[in-house]
1. Considering only residues of region 101-152 that are within 14 Å of the chain's Cα centre (by Cα) and loosely packed, with under 11 Cβ neighbours inside 10 Å, which is nearest to Val48 (Cα to Cα)?
2. With respect to the numbered conditions (1) at pLDDT 95 or above; (2) closer than 30 Å to Asp9 by Cα, which one is the sole condition not fulfilled by Glu55?
3. When only residues in region 89-111 that are among the β-branched types (Val, Ile, Thr) and in contact with a Phe, Trp or Tyr (Cβ under 7 Å, 6 or more places away or on another chain) count, which is farthest from Gly62 (Cα to Cα)?
4. Pull up region 1-42, narrow it to residues that are β-branched (Val, Ile, Thr) and crowded, with 16+ Cβ neighbours inside 10 Å, then point me to the one that is farthest from the chain's Cα centre (by Cα).
5. Name the single residue that is nearest to Ile104 (Cα to Cα) among those in region 43-80 being in contact (Cβ under 8 Å) with a residue 24 or more places away in the chain, surrounded by 11 or more Cβ atoms within 10 Å (Cβ to Cβ) and over 18 Å from the mean Cα position of the chain (by Cα).
Amino acid sequence: MELSQKDLDILAALQENSRLTNRELAARCGSAESTTYERVQRLVRAGVITAFTAEVDPAALGRPMQAMIAVRLRPQTEEVVQRFLHTVLDDPCILDATVISGEIDVLLRVAVSTPEQLRTFAWRKVTSARSVQSITTHLVYEYRRRPVCMST
């Protein structure tokens with residue numbers, strides 16, 4: 001699907017605040033309300049917009065400490081990766097998991113309340129999977145999310 005500048009403007013605005021009303025979105029993007037509504041519906045139907053969500057601050061939920069846990073699995077097979085993800089993704093500490101290429105197979109971003117909770121999660125949950133060869137934990141000092149597409 002080819003995206004116009006108006007489409008990109010809509011996407012940027014919705015990524016900043018998905019709760020904008022159609023009227024607010026139209027005013028912000030300089031389009032008629034009916035046109036804006038139709039564009040948003042087209043973007044949803046095309047799978048460009050996959051969800052309208054709320055971003056929650058883990059610190060506000062009592063989990064101010066974030067970390068990235070790099071996980072190395074052996075053997076490196078899709079089945080092993082999927083089994084590992086199934087094992088760990090049910091834990092509320094996990095914010096997201098990314099399967100990547102290279103020496104590291106999975107990168108977990110977690111949010112916890114204390115260093116002890118991080119250690120317990122890493123040792124008891126992550127390394128309990130038999131396929132885990134090694135983990136490396138990195139504390140997150142700051143996290144910023146950039147919108148996927150920015151209008152010009």
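1. In this case the residue turns out to be Val148.
2. Against the list (1) at pLDDT 95 or above; (2) closer than 30 Å to Asp9 by Cα, Glu55 comes up short only on (1).
3. Only one residue fits best here, namely Val106.
4. Initially, region 1-42 is screened for residues β-branched (Val, Ile, Thr), giving 10, 21, 35-36, 40.
If we keep only those that are crowded, with 16+ Cβ neighbours inside 10 Å as well, we get 10, 36, 40.
Working: Ile10: 20, Thr36: 26, Val40: 22 Å.
Per the stated criteria, the residue is Thr36.
5. Within region 43-80, the match that is nearest to Ile104 (Cα to Cα) is Arg72.
Matching residues to (1) at negative phi; (2) in contact with a helix residue (DSSP H, G or I) (Cβ under 9 Å, 6 or more places away or on another chain); (3) in a loop (DSSP other than H, G, I, E, B):
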{"position": "Glu103", "(1), (2), (3)": "yes, no, yes"}
{"position": "Leu108", "(1), (2), (3)": "yes, yes, no"}
{"position": "Ala111", "(1), (2), (3)": "yes, yes, no"}
{"position": "Leu118", "(1), (2), (3)": "yes, no, no"}
{"position": "Ile135", "(1), (2), (3)": "yes, yes, no"}
{"position": "His138", "(1), (2), (3)": "yes, no, no"}
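The values are calculated or read from the model by the stated rules, or taken from the named source; none is laboratory data. Being a predicted model, the structure only gives us computed values, none of them experimental. Glycine also receives a Cβ, built like all others from the backbone with ideal geometry; neighbour counts cover every protein chain displayed.
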